[in-house]
Every structure is written in C-alpha cells, then in structure tokens.
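Presented below is the structure to which this report refers.
What follows is calculated from the coordinates using simple rules that are stated; it is not laboratory data. What you see is a predicted model, and the numbers here were worked out from it, not measured in a lab. Because the Cβ atoms are built from the backbone with ideal geometry, glycine has one as well, and the counts that use them run over all protein chains shown.
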Ligand code: ATP
C-alpha cells in the first residue's frame with residue numbers, strides 16, 4: 001500500500017490526480033480501526049526498542065492545507081503510545097528570534113533526540129510553501145532552499161534519523177466542509193481564523209508550491225508520501241504504516257545483556 005503513496009526521487013506528485021478519499025483497500029471504517037490498533041501494537045514494541053537502543057530516531061514531518069487533519073491525526077495515531085518517547089513540535093509563524101537566524105535554525109534545534117520519535121506539525125517546508133505563496137522573500141531565496149533542505153535531510157539520515165515527510169491530501173470540498181464546521185460548532189470556533197479563507201483562495205498556488213517542493217525534495221532516504229486524508233481513519237492507518245515501516249527499517253537492536261547478569265537474583 002505504501003508504494004502507491006510514496007513519491008520517488010524527482011517524481012512529479014501530480015496532486016490534482018491523486019485520490020483524497022481512498023480507503024486504501026481496507027473496506028470499511030471498522031476494518032480500518034482494527035488495522036490501526038494492530039499497527040499501534042507494533043509501534044509500541046518498536047518504540048521501546050528504539051528507546052532501549054538509544055542510537056537512532058524517527059522524524060515525521062507533516063504538511064497539509066488548513067483543516068487537513070494534522071492535529072487530529074497526531075492525537076489519534078499517538079494515543080496510547082508511550083508519551084516519553086514522542087515529541088511533537090508545532091511550527092507557527094517564526095518569532096523575532098527565529099527570524100533573526102537562518103530558517104533551518106529553529107528546525108534543527110528541535111530534531112528528535114536519539115531513541116525518540118519526533119513529529120513536526122508544519123516544518124521548514126513552510127519556508128518554500130507559505131513563504132513562496134505570500135512572497136515573503138525574493139524568488140531566488142526560496143528557490144535555493146530546495147538544495148539546503150535536501151542536504152540537511154541527507155545529513156539527518158546519515159546521522160541516524162529516519163526522515164519521512166507526509167502531505168495530508170484533502171480535497172477542496174472537504175476543506176470547505178471542515179472550515180464550515182469550525183464556524184458552525186461553538187466547540188470548534190477557536191480553531192477558525194479569517195486567514196484560512198485567504199489561504200483557501202490561494203489553494204491552486206499552495207498546491208503548485210507543494211507539488212514542486214515534493215518533487216524537488218523527495219529522496220530515497222527522506223521520501224515524501226501523499227496521504228489520502230478526506231477519510232480520517234484511512235489517513236491514520238497510512239501514517240501508522242509509514243511509521244512502522246520506518247522503525248522496522250531502522251531495526252533498533254537492544255544492547256547485549258551484561259554477562260554478569262546470568263543467574264543474578266535480587267536479594
Ligand atoms: P494549524 O497548523 O492547524 O493551522 P495553528 O493555526 O494553531 O495550527 P499556528 O501556531 O497559528 O498554528 O501557526 C500556523 C501558521 O504559521 C500557518 O498559517 C503557517 O503557514 C504559519 N507559518 C509556519 N511557518 C512559517 C514560516 N516559516 N513563515 C511564515 N509563516 C509560517
């Protein structure tokens with residue numbers, strides 16, 4: 001299933017042609033939830049080994065349009081996973097201190113420690129996404145960032161971090177419905193920002209910017225995946241699968257038992 005979602009090196013993701021409502025061949029919602037629980041059992045085991053080995057880490061980078069479900073996916077996929085082993089870092093608009101440095105400074109200082117899983121809710125891809133669409137820097141400045149990003153992620157991978165980048169792909173209609181719910185449901189009002197309407201107007205510009213960013217930065221060691229995200233359960237299963245695959249590929253090995261332990265009984 002993952003092969004269909006993974007974007008190869010140099011491949012054009014053609015977002016407009018990709019499914020947003022796929023069931024990933026899983027049938028009904030109920031089967032999706034069962035699959036998710038099985039994957040989470042594997043994540044728990046692998047996470048404990050990752051921590052025990054303490055040598056490698058996983059970094060999941062999440063991007064998507066407003067209301068694509070980044071927050072809800074994090075809540076649902078990581079619920080029940082040892083919270084000590086997962087660090088979620090949201091990247092909002094850079095503050096003065098961050099703007100006074102290069103754009104990767106705040107990113108690099110938040111990468112996961114060895115033995116942990118890091119989740120970036122937005123990331124340095126904003127620096128070739130919203131920054132490009134809103135023309136916050138001249139074109140040549142964001143254009144050269146693809147090269148920086150490729151090299152930065154190469155370095156992370158070389159040093160033991162499995163980098164996986166996920167575009168939560170929703171349809172224009174699904175975004176409309178979700179934003180409308182934020183207006184209609186008092187419990188969700190706080191999530192609504194008038195700026196979301198501006199960003200929605202720029203939908204084609206964002207899609208084009210991410211299409212290019214994904215094409216320019218998907219590599220074998222730090223691949224992009226386009227996740228059909230209109231159905232929450234299918235989205236969650238896909239993300240959990242990607243995490244399991246990344247952990248299995250790292251294959252963390254627990255340190256060998258101290259030979260002096262043989263036959264020791266605690267008095
Ligand atoms: P959500 O991610 O669900 O929209 P939020 O609105 O609660 O969450 P905020 O902390 O307000 O999150 O930050 C998200 C906003 O910050 C987005 O509009 C995003 O485009 C913007 N942002 C993130 N990184 C940058 C950047 N490098 N330059 C400019 N804007 C950025």
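Numbers for the structure displayed
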quantity	calculated
Cα gyration tensor, the stretch 132-246 - rounded (a/c under 1.5), prolate or oblate	oblate
Pair residue 84, residue 3: separation of 7 Å Cα→Cβ label points (nm)	4.0
Cα-based Rg / Dmax (Å) for the stretch 196-267	22.1, 70
0 to 90° range, to nearest 10: angle between helix 232-250 axis and the chain longest Cα axis	50
Relative contact order [Cα under 8 Å, 6+ residues apart], the stretch 2-252, whole percent	40
The chain: most fluctuating residue of 254, 24, 36 per GNM, C-alpha cutoff 10 Å	254
Helix 29-53 axis, angle to the chain major axis (alpha carbon atoms, nearest 10°)	50
Gaussian network model of the chain, Cα within-10 Å springs - most flexible of 85, 27, 160	27
Ranking of 20, 219 by count of other Cβ atoms within 10 Å, fewest first	219, 20
Relative contact order of the stretch 147-267, defined on C-alpha pairs under 8 angstrom at six or more residues apart (%)	38
Burial ordering of 126, 31, 17, fewest other beta-carbon atoms within 10 Å first	17, 31, 126
For the stretch 13-45 and the stretch 218-267, distance of Cα centres in Å	17
Choice from 153, 174, 187 showing the highest fluctuation, given a GNM over the chain with Cα pairs closer than 10 Å	187
Neighbour-count order for 190, 233, fewest beta carbons within 10 angstrom listed first	190, 233
Rounded to 5, the percent of DSSP beta bridges in the chain classed as antiparallel	10
With Cα atoms, 0 to 90° folded angle of helix 172-184 axis to the chain main axis	90
Whether the stretch 1-105 is rounded, prolate or oblate, judged on the alpha carbon gyration tensor where a/c under 1.5 counts as rounded	oblate
Gyration tensor (alpha-carbon) shape descriptor, the stretch 55-128, a/c threshold 1.5	oblate
